[in-house]
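The values are calculated or read from the model by the stated rules, or taken from the named source; none is laboratory data. The model shown is predicted, which means the values in this text are computed figures rather than measured ones. Here the Cβ positions follow ideal geometry from the backbone for every residue, glycine too, while neighbour counts run over all protein chains shown. Just the protein is used for accessible areas: all its heavy atoms, side chains included, with ligands, DNA and RNA removed. Shrake-Rupley method; radii C 1.70, N 1.55, O 1.52, S 1.80 Å.
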Amino acid sequence: MEPKIAEKAWDPKLENAILKKWEKEKLYDFQLSDNNYTIDTPPPYPSGRPWHIGAASHYAQIDMIARTARMSGKNVYFPIGIDRNGLPVELYTEKKHGIRMRETERGEFLELCKNALDDLEAEMIQIMKSLGLSGDFKNYYRTDSEDYRKFTQETFIDLWKKGVIYLATRPNNYDWVSGTTIADAEIVYEEIPTKLVYMKFITKETKKEIIIASTRPELLCACKTVIVNPNDERYSDLIGKELIVPLTNREVKITPHHSAKIEFGSGAVMVCSYGDQNDVALFRELQLGEVIAIGLDGRMTEVAGEYQGLKPKQARTKIIEDLKNANLVEKIEDISHRTPLSERSKTPIEIVPMEEYYLKQKDSLEKMKKLGEEIEFYPNMHKQILMNWLESISIDWPISRRRFYGTEIPIWYCNECSEPFVPEPGKYYRPWKDKCPAGKCEKCGNTEFTGEERTFDTWMDSSVSPLFVTKFNRDEEFFKKTYPTAIRPQAKDIVRTWLYYTLLRCEKLTGEKPWSEAWIMGYGLDEKGMKMSKSKGNAIDPLPVIEKSGADTFRFWSASEINQGYDFRCSEQKIESTRKFLSKLWNVSRFLSSFPVIKSGQISESDKWILSELDKLISVCKEGYSKYNFFIPSTAIREFTWNIFAAQYIEIAKARAYGIGFTDEERDGAIFTLHKVLSTILKLLAPITPFITEHLWQTLYSQDSIHKENLPDIENVDDMSEMTQLLSEFNSKVWNEKKQKELSLKDSIKIDVPETLSQFKKDLIAMHNLESN
RNA sequence: GGGCUCGUAGUCUAGCUCGGUUAUGACGUCGCCUUUACAUGGCGAAGAUCCGGUGUUCAAAUCACCGCGGGCCCA
């Protein structure tokens, strides 16, 4: 019989047609039912080209979660969203058009951002689709849509009414490049070379010289005290005495404090508002009055005297010169200093007192820990990231940002008495341009208002993703049937932010946890194990890789190469070489396609053996799938298909399948078993490589999609796995002997079938053309 | 400084829970082979101080302890 499959290899170009067919058949459309499995899909941020190959791999695996659930009989809701709020697009737009946000009309700037996002988003959607994501693309949402922003504002108004939002002036992490406050979670630390300046302070009474080392001499004008360790004998007689600050000639006290390290610098430390977080803690503890030395424009203020208007770095250079000229410097060391940077703009943050809105979180920490305990983490070890973070939270969450491209904080202020007005939910508010919905101020009756200009931290938007996709407050039935959602898949670097904030917000709004499971993925690194970045030039663009090798190859690589939760290395060569397995699967199928698909036959001992191995494979795969660990099924299937099914069983059963020297019933047993095994492999593999399995399934077995099938169940065939090695050893022995004797594989040879394999004797004699004994 | 986590060929990985073969398989490398559905293949080879040390034991990749190294987080 001619094989139904003629082509000699799987052609990834077929994927496109399969995609179109799925779309036409509405295969993955979601209809609400009582058995919903909701995925809180991470909405990717279109930050620029190329998209990260690690992220593409994340999404491929998230799709495997969806397909696994679908093939386990669940009604899968797999929403697709795009995260479009926040700083990166503002920076991208400024650079692209050579403009500055604050010097551009706000409405115009927002329009430019929106256009940039549309471009970047289109490519991302294309990659996600071509990866075979079985998500709800038709209803994909954007976090900057009126609908979403209205929703974010509603949740804010709700929290405002609950009294968990407040205004406070606090030293804040301030990123002066992006001109906004940032949360602790957005700070990254880097070792940066800097100068440690040993300055000469003078004691007021005795005119004795005291050396104080600092990396921030420009903050001399904001120095309010000098601390020394109480155990430091060098200074014990000076505690409580006054020092003259160089250049400014102000007087400050020497205070004992345990945080002064005896061995660092000279042991005496100047405390300024604010050099670092430690200064903040000391100012609070010692109740010092702060001096604002750096303004919101990132430049020195008038308290800096002649240094006013300079950037801190410029001021530092100048002040070091001046100190040197005045002979007030003992020495200068070049050191490497662990500097806090803004994660987004990568510039050193300053600590500046500012009035911002806060969301209370400190009083929820115990509750959060409890919820964290209840949520199942895959892999479990990453739960620790959340727990450690919960342990270290010390201040409430600052939620206001001085940026443009974000959800506006829906507040107006009375021009007369400054009383804030928060409108009713139900509308998208833009206070920077909309008229205040209140006729007059409730407090003073004034009718003039000023709109709030700030926006929310983007995590305020993305932290309600599980509520948005389940239609919280908008469709009660839908919400009831989909929330709490089943699973939150995400990357491990945003556990402290996205995962935590979602937990916090959803609990505050619904009293429940947002998901019962969290699935945490590692980073994609380059082939040497370095972090990929556009600036280093080691980033791999996923689009050409997928176009060249095909989505299934990429997906199988992702599944078989990445250990759950661990960082992984990406190399194009390795991805491409994964394709060999798909070729193998293709050719196995091509061979089987020359035999009719039949319902039954007389099962021989070798058939029972492969069916028992197949049972084992099913168990292993289902175990792996149940833990969302795709490494387990992908490697098990490859191993079984290649080394057991193709290399051993097909060879053993081939002669019987051709029916030479066997009865029709015996022949049918082989053909039945061959198809049984292949069709099972295809179903087991379908969540990982949906395209090739669909193509082969429909060519060989059914008009219907394989993705409507359920994962196969085991049939409890008697275990014969002890035979596997014996068979493969015997076969290798015969093949090797023929090779040594320079015989063709078809030639006959005299080798006895060992007693242990006597049950397979007939198949083995036919397979190797053994001289009967 | 503290916490978490990991350490098996160039790379990914199995084995570790519950100690016992010649340490599994794949990618890559090298050699041979038109030979079967598949040269996108087959056969074979080289490649591992199982991070190190000590202890327990007849026996340690596996158990215990002490180190070392990487990554992430916090200070």
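What do you reckon, is A:Ala657 open to solvent by less than 60 Å² (accessible area, probe 1.4 Å), out of contact with any Phe, Trp or Tyr (no Cβ under 9 Å at 6 or more places or on another chain) and of a type in the set (A, V, I, L, M)?
When the stated conditions are applied, A:Ala657 does not pass them.
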Are any residues in the stretch A:710-731 within 13 Å of RNA strand B (Cβ to nearest atom) and open to solvent by 50 Å² or more (accessible area, probe 1.4 Å), and if so, which ones? A:Glu722, A:Gln725, A:Leu726, A:Glu729
Report yes if A:Arg84 is part of a loop (DSSP other than H, G, I, E, B), basic (Lys, Arg), in the same structural domain as A:Thr143 (by TED's automatic domain parsing) and more than 16 Å from RNA strand B (Cβ to nearest atom), otherwise no. yes
Unmet requirement for A:Glu218, which otherwise passes all of (1) open to solvent by 10 Å² or more (accessible area, probe 1.4 Å); (2) under 44 Å from the mean Cα position of the chain (by Cα): (1)
A:Glu251 being open to solvent by 50 Å² or more (accessible area, probe 1.4 Å) and touching a strand residue (DSSP E or B) at 6+ places or on another chain (Cβ under 6 Å): yes
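Residue-by-condition table, conditions (1) within 16 Å of RNA strand B (Cβ to nearest atom); (2) in a strand (DSSP E or B); (3) in contact (Cβ under 8 Å) with a residue 40 or more places away in the chain; (4) open to solvent by 100 Å² or more (accessible area, probe 1.4 Å):
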site: A:Glu2; (1), (2), (3), (4): yes, no, yes, yes
site: A:Pro12; (1), (2), (3), (4): yes, no, yes, no
site: A:Glu15; (1), (2), (3), (4): yes, no, yes, no
site: A:Ile18; (1), (2), (3), (4): no, no, yes, no
site: A:Lys21; (1), (2), (3), (4): no, no, no, no
site: A:Tyr28; (1), (2), (3), (4): no, no, yes, no
site: A:Ser33; (1), (2), (3), (4): no, no, yes, no
site: A:Thr41; (1), (2), (3), (4): no, no, yes, no
site: A:Tyr45; (1), (2), (3), (4): no, no, yes, no
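This table checks each residue for (1) part of a loop (DSSP other than H, G, I, E, B); (2) modelled with pLDDT of 95 or more.
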site	(1), (2)
A:Phe645	no, no
A:Ile650	no, no
A:Lys654	no, no
A:Glu694	no, yes
A:Asn716	yes, no
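Out of all the residues in the stretch A:603-641, which are small (Gly, Ala, Ser) and open to solvent by 60 Å² or more (accessible area, probe 1.4 Å)?
A:Ser626
Determine which member of the set A:Ile125, A:Ile165 is in contact (Cβ under 8 Å) with a residue 24 or more places away in the chain, in contact with a helix residue (DSSP H, G or I) (Cβ under 6 Å, 6 or more places away or on another chain) and open to solvent by 10 Å² or more (accessible area, probe 1.4 Å).
The match here is A:Ile165.
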Here is a check on your reading of the model: is A:Ser392 surrounded by 15 or more Cβ atoms within 10 Å (Cβ to Cβ) and over 30 Å from A:Cys444 (Cα atoms)? no
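Please tell me if A:Arg638 is of a type in the set (D, E, K, R) and within 11 Å of RNA strand B (Cβ to nearest atom).
yes
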Would you check if A:Arg102 is basic (Lys, Arg) and buried (at least 21 other Cβ atoms within 10 Å of the Cβ)? no
Per the filter on the stretch A:418-436, residues without any contact (Cβ under 8 Å) to a residue 40 or more places away in the chain, within 21 Å of A:Ile165 (Cα to Cα) and surrounded by 13 or more Cβ atoms within 10 Å (Cβ to Cβ) are A:Glu419, A:Pro420, A:Phe421, A:Arg430, A:Pro431, A:Cys436
When the stretch A:180-222 is checked residue by residue, the ones that are at pLDDT 85 or above and in contact with a Pro (Cβ under 7 Å, 6 or more places away or on another chain) are A:Val197, A:Met199, A:Lys200, A:Phe201, A:Glu218, A:Leu220
Hey, A:Pro542 hits all of (1) more than 15 Å from RNA strand B (Cβ to nearest atom); (2) at pLDDT 90 or above but one; which does it fall short on? (2)
Sole residue being under 19 Å from A:Ile211 (Cα atoms) and open to solvent by less than 80 Å² (accessible area, probe 1.4 Å), chosen from A:Asp232, A:Asp276: A:Asp232
A:Glu517 being open to solvent by 10 Å² or more (accessible area, probe 1.4 Å), under 20 Å from A:Gln384 (Cα atoms) and either of a type in the set (Lys, Arg) or not in a helix (DSSP H, G or I) (or both): yes
Kindly provide the set of residues from the stretch A:327-365 that are out of contact with any strand residue (DSSP E or B) (no Cβ under 7 Å at 6 or more places or on another chain) and open to solvent by less than 50 Å² (accessible area, probe 1.4 Å), ordered by number. A:Ser364, A:Leu365
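Are there any helices (runs of 4 or more DSSP H) wholly within the stretch A:260-377 with 3 or more residues that are in the same structural domain as A:Leu196 (by TED's automatic domain parsing) and within 40 Å of the chain's Cα centre (by Cα), and if so which?
A:277-286, A:312-325
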Pairs with Cβ under 6 Å, 6+ apart, first in the stretch A:584-602 and open to solvent by 50 Å² or more (accessible area, probe 1.4 Å), second more than 10 Å from RNA strand B (Cβ to nearest atom): A:Val597/A:His675; A:Ser600/A:Phe672; A:Gln602/A:Glu665; A:Gln602/A:Glu666; A:Gln602/A:Gly669
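I'd like to verify a number: residues in the stretch A:733-765 that are among the β-branched types (Val, Ile, Thr), more than 11 Å from RNA strand B (Cβ to nearest atom) and in a helix (DSSP H, G or I), how many?
Residues flagged as among the β-branched types (Val, Ile, Thr), more than 11 Å from RNA strand B (Cβ to nearest atom) and in a helix (DSSP H, G or I) within the stretch A:733-765 amount to 2.
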Residues satisfying the stated conditions in the stretch A:558-601, i.e. within 10 Å of RNA strand B (Cβ to nearest atom), modelled with pLDDT of 90 or more and under 15 Å from A:Leu131 (Cβ atoms): none
Any residue that is hydroxyl-bearing (Ser, Thr, Tyr) and open to solvent by 20 Å² or more (accessible area, probe 1.4 Å) - is there at least one of those in the stretch A:539-549? no
